[in-house]
Amino acid sequence: QDIDEQTLVYGSLDLPHVDPVILDEDFHSFMQAIFTYLNIKPQKLKTFNRYIFGPGDLEGHRLRINDNYVYHLCDFSRLYPPELAKEEIGRGSYYLWKHFRPEFIAQHCKLDQDKMCSGLFSVFTSPFMDEKERTQQEETGRRLSEKLRNQTTIEFIKKIHEEVQLGSLIKMKDIRLVEFMHRLGINVRYIGGLISSRCSLTSNVRTPTRSISYTDILSQKGQKGRALLQKNESCSPERNGGSCHEKPNP
């Protein structure tokens, strides 16, 4: 049996043009348990007098196979709320890809006033949300976006700097910088800025962290990545007596 409008029991096939549905209370309870565990709020739309979980295009389908029902959940790639930069308010499609990491949501959104819904800032959902709810959640989204950029990433940089000075970093080949970032909820797209910040923090310290950063950026790019990595070795701390004043261009 294929999934179609006849099997839809949760969500919408085309929000905001088609209102969402909740036709299976067991499925709704299942969704509530999942999103409560993930620290993600439901959203309340103006045209739908119930809270619903997930991004606007999420679909829950119920199929009958023999004597049993099987549930399928589709289109949940935008499950986590998007980050927001001041220059991005009201424009662009950042909400499609620039999302908070699950680790950040797990650590910083435990309290109800810190939780956000999946459809925050989305043109598919946000304009149709209950206005009071949307205003409160947008403020939360701005506050947590600032916290990620101006507090979490800075704390990460300082921690790396301290470990370098103390000599407590393990050998470069054993360090997974991206894993450290993810544990704090910092997305890998911030790594370029972190390289520049670390260079300014550790300009007089012999440190492998910049080389580690380049390795993490380029390790997934195969032969071209290795060529770029070799090209940038002339700016590595090891080659420059611990100095790293050149502007990185990974």
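The values are calculated or read from the model by the stated rules, or taken from the named source; none is laboratory data. Here the structure is a predicted model, which is why all the values come from computation and not from measurement. Neighbour counts are summed over all protein chains in view; Cβ atoms, including those assigned to glycine, are modelled from backbone coordinates with ideal geometry. In case anyone asks, the SASA skips ligands and DNA or RNA and just uses the protein heavy atoms, side chains included. Shrake-Rupley method; radii C 1.70, N 1.55, O 1.52, S 1.80 Å.
Residues are listed down the side, and each one gets a yes or a no for (1) at pLDDT 90 or above; (2) in contact with a strand residue (DSSP E or B) (Cβ under 6 Å, 6 or more places away or on another chain); (3) buried (at least 17 other Cβ atoms within 10 Å of the Cβ):
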| residue | (1), (2), (3) |
| --- | --- |
| Pro81 | yes, yes, yes |
| Leu84 | no, no, yes |
| Gly90 | no, no, no |
| His108 | yes, no, yes |
| Cys117 | yes, yes, yes |
| Leu144 | yes, no, yes |
- Item | Within the range 54-72, tally of residues that are within 30 Å of Pro82 (Cβ to Cβ) and assigned to a strand (DSSP E or B) | 6
- Message: For the range 9-48, which positions are outside any helix (DSSP H, G or I), out of contact with any Ser or Thr (no Cβ under 6 Å at 6 or more places or on another chain) and among the charged types (D, E, K, R)?
- Response: Asp14, Asp24, Lys41, Lys44, Lys46
- Query: Residues in the range 50-65: is at least one buried (at least 20 other Cβ atoms within 10 Å of the Cβ), in contact with a strand residue (DSSP E or B) (Cβ under 9 Å, 6 or more places away or on another chain), farther than 25 Å from Glu131 by Cα and at pLDDT 90 or above?
  - Reply: yes
- Query: Do you know which residues across the range 26-49 are open to solvent by less than 90 Å² (accessible area, probe 1.4 Å) and out of contact with any Pro (no Cβ under 8 Å at 6 or more places or on another chain)?
  - Reply: Phe27, His28, Ser29, Met31, Ala33, Ile34, Thr36, Asn39, Lys41, Pro42, Gln43, Lys44
